[in-house]
Amino acid sequence: MSAQPVVTKPDPAQTAPATARRRRGARLTGVTAYPLMYFGVIAGVLPLLTLVVIGAPILVGVLLGAGEAEWVDGFSRVFGFILLFLTPPLGAWVWGYVALGVVAFLGGIALSLRILRRHGVRRAGAVTHWGMWATVPLQLIFAVISLVIVFGAIASVRAEDASGLETVRAFGQGVAIATVVNLFVSAGLGVLVFPAVLRAVKAEKPARRARRRS
């Protein structure tokens with residue numbers, strides 16, 4: 001008995017309307033969920049990087065100083081800034097910012113999965129994962145830009161700030177500006193990245209080949 005070719009119906013998931021729908025979902029994810037995930041990363045590293053930027057010049061000055069007075073003064077200033085950042089009442093704002101970042105990061109992941117699945121993307125987890133981490137080099141660039149903004153705000157007051165209170169206030173203002181800038185930038189970046197990731201990771205599983213009957 002000769003083999004008979006099996007006529008298969010086109011997979012509805014591969015039709016043009018379904019593909020366009022998935023791309024819309026990817027763009028919507030990029031403009032809404034991705035900024036939340038990106039903000040979570042920034043909120044985690046920006047306070048730490050700011051402390052490093054503040055403390056590093058002081059420590060360098062200490063290492064280059066010749067006398068005991070420079071060591072004592074330098075280390076006391078470093079520890080003073082650390083205490084201001086980590087203890088109430090000012091430290092509460094820093095920890096609150098970090099906690100908000102954690103919530104935003106987890107919420108962004110959940111939102112991404114929900115949007116992608118509702119738009120017919122079967123491998124929503126893969127698209128979310130690679131959409132987030134494929135842009136790490138760009139995220140680092142924008143993190144440096146954020147740090148420049150924060151450090152610029154701090155540098156404008158640090159020379160006249162003996163207690164450190166104005167420095168922390170300037171830190172808060174710089175973080176607020178950097179956060180807003182990064183939210184807008186990451187939204188634009190997400191609109192471009194997520195549709196590309198959708199294609200790159202083959203978000204739709206390949207259809208099974210129809211068996212030929214002999």
So G120, is it assigned to a loop (DSSP other than H, G, I, E, B), small (G, A, S) and out of contact with any strand residue (DSSP E or B) (no Cβ under 7 Å at 6 or more places or on another chain)
yes
For the stretch 113-151, which positions are closer than 22 Å to P17 by Cβ and either surrounded by 20 or more Cβ atoms within 10 Å (Cβ to Cβ) or basic (K, R) (or both)?
R114, I115, L116, R117, R118, H119, V121, R122, R123, A124, V127
For the stretch 40-57, state whether one or more residues are surrounded by 14 or more Cβ atoms within 10 Å (Cβ to Cβ), more than 19 Å from Q173 (Cβ to Cβ), at pLDDT below 75 and in contact with a helix residue (DSSP H, G or I) (Cβ under 7 Å, 6 or more places away or on another chain).
yes
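The values are calculated or read from the model by the stated rules, or taken from the named source; none is laboratory data. Note that the coordinates shown come from a computational prediction; the quantities given were computed from them, not determined experimentally. A quick note on method: Cβ atoms are made from the backbone with ideal geometry, for glycine too, and the neighbour counts reach across all protein chains shown.
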